[in-house]
1. Of the numbered conditions (1) surrounded by fewer than 16 Cβ atoms within 10 Å (Cβ to Cβ); (2) in contact (Cβ under 8 Å) with a residue 60 or more places away in the chain, residue 281 satisfies every one except a single condition; which is it?
2. Are there any pairs with C-beta distances below 6 angstrom linking a residue in the stretch 353-376 that is surrounded by 20 or more Cβ atoms within 10 Å (Cβ to Cβ) to a residue that is among the aromatic types (Phe, Trp, Tyr), with the two at least 6 apart or on different chains, and if so which?
3. Go through the stretch 12-25 and give me each residue that's closer than 28 Å to residue 254 by Cβ, at pLDDT 85 or above and not in a strand (DSSP E or B).
4. For residue 88, state whether it is out of contact with any Pro (no Cβ under 6 Å at 6 or more places or on another chain), open to solvent by less than 70 Å² (accessible area, probe 1.4 Å) and under 30 Å from residue 389 (Cα atoms).
5. Given (1) of a type in the set (A, V, I, L, M); (2) open to solvent by 50 Å² or more (accessible area, probe 1.4 Å); (3) farther than 24 Å from residue 266 by Cα, identify the lone condition not met by residue 78.
6. Looking at 223, 230, 208, which one is in a helix (DSSP H, G or I) and either among the basic types (Lys, Arg) or in contact with an Asp or Glu (Cβ under 9 Å, 6 or more places away or on another chain) (or both)?
7. Output the qualifying pairs, or none if there are none: Cβ atoms under 8 angstrom, residues six or more apart or on different chains, first residue in the stretch 67-89 and farther than 17 Å from residue 250 by Cα, second residue of a type in the set (S, T, N, Q) and open to solvent by 30 Å² or more (accessible area, probe 1.4 Å).
8. Six or more apart or on different chains, Cβ under 8 Å: which pairs go from a residue in the stretch 159-179 that's surrounded by 16 or more Cβ atoms within 10 Å (Cβ to Cβ) to one that's among the aromatic types (Phe, Trp, Tyr)? Could you list them?
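The values are calculated or read from the model by the stated rules, or taken from the named source; none is laboratory data. Quick caveat, the model's predicted, so the values are computed rather than measured. Methodologically, a virtual Cβ is constructed for each residue, glycine included, from the backbone with ideal geometry; neighbour enumeration extends over all protein chains shown. What goes into the accessible areas is simple: the full protein's heavy atoms, side chains included, and nothing from ligands, DNA or RNA. Shrake-Rupley method; radii C 1.70, N 1.55, O 1.52, S 1.80 Å.
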Amino acid sequence: SGEEVAAFKTRRLPATSFYLLGSELLTKINFQFKEGVFGTFPGIGPVPASDTYITTPRRPNAYVVGQVSQPLSQLYKISLGIRQQELSQEVNREKVRQQRQQLVNDVKRAYYNILQTESQLAATEESLRSLRELDRVVLQYVSQKAVLKSDSLEVKSRLAQTEYTAIKLRHTLATQKEYMNVVLARDIRTEFSTSGVPEATLAESDLQAAQAKALAERPELRQGQLSVQQAEYARRLKKAEYIPDVSLSLHYISPFRIEVLPKNVAAVGFQVSWEPFDWGRKKHELNEQTMIITQAQASLSEARDKVLLEVNDRFRKLEEARTFLAVTRAMQEAAREKLRVTTNRFQQRAALLKDVLQQQSDVADADNRYQQALLSFWTAKADFEKALGED
């Protein structure tokens, strides 16, 4: 776009052209000079003394035509065209900004997916440690014939299943990190570590401020505003076609192998080009540009409504995600406390093994729900920031 603007600005400068025609006459060119056409002089009489004919034979010849033209009245149209090109450049800047915001959102989502998988893996490894300790205790009770061997096999089955889950999570984490490297445009084998799961931020309580910020920052709205301005300049440019084109022009003509004609002809003056009758074409084209302006304004209004709708929706989803995160955190803490109590009671032979296993499963479910809620919160946070148009 920058190159297009620079190229369009050169139209303000003089335009030069060179034309060469090599040809051969189809018919001879005859020039007739009447007797005394150049006057009658004392002592020599009339010049020429009799009717004289000069003929240019049919032979190859050439015409060289050069022109230098400086626009005058067209400068107004050129200025309108330059401004229109500059608006196109600004539209493309907003498109780049929109792509940048999308990329930021993609990076955030990829990062939050990694954090969620790491948290799930940490919870799974915690369950592994608990199950291994439980397996040790159950084996001891089996040796003492305090529990059945089937109970020990049940624990081992849970342990094996949890180890399989841990392996799957490690593989998923490796894939997610490779994707993150791709998004960051670096070697997918680059090793890196995250900074942990961030805590939930404070609530965004002012919806009206969020709406105002989105209306001021969203690149889609800026593109719509620029499109309206482009349509207005296009109408002004079309209206300017009623103005005659006036240029300061220098012409040079040089015919070769044509008798009588001068070999070099140069002239400077004003060149005017105007189309007085167009049968209503300019009027219809001007009406079309007016309708395009109306259409661009309607599109801008529609885009503004969509932005407000998106901001409101993202704001509500973020609030829901924050509330649900608090609920799952409370459920997670309650499940872990119940597991601790049940495990102690089992070690004191005051609870059954199935109670411990059931509570272990409840803790795993609570951990998973919490991690999903945490991911949903940060994803909603990223989507809300994108809806605001933040860079």
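1. (2)
2. Final answer for the pair search is 356/346; 373/324; 375/112.
3. 13, 14, listed by residue number.
4. On the way: out of contact with any Pro (no Cβ under 6 Å at 6 or more places or on another chain): yes; open to solvent by less than 70 Å² (accessible area, probe 1.4 Å): yes; under 30 Å from residue 389 (Cα atoms): yes.
Here the answer is yes, as residue 88 does meet what is asked.
5. (2)
6. The conditions single out 223.
7. Taking only residues 6 or more apart or on different chains, the pairs are 84/230; 85/1; 87/229; 87/230; 88/1; 88/230; 89/1.
8. 177/192
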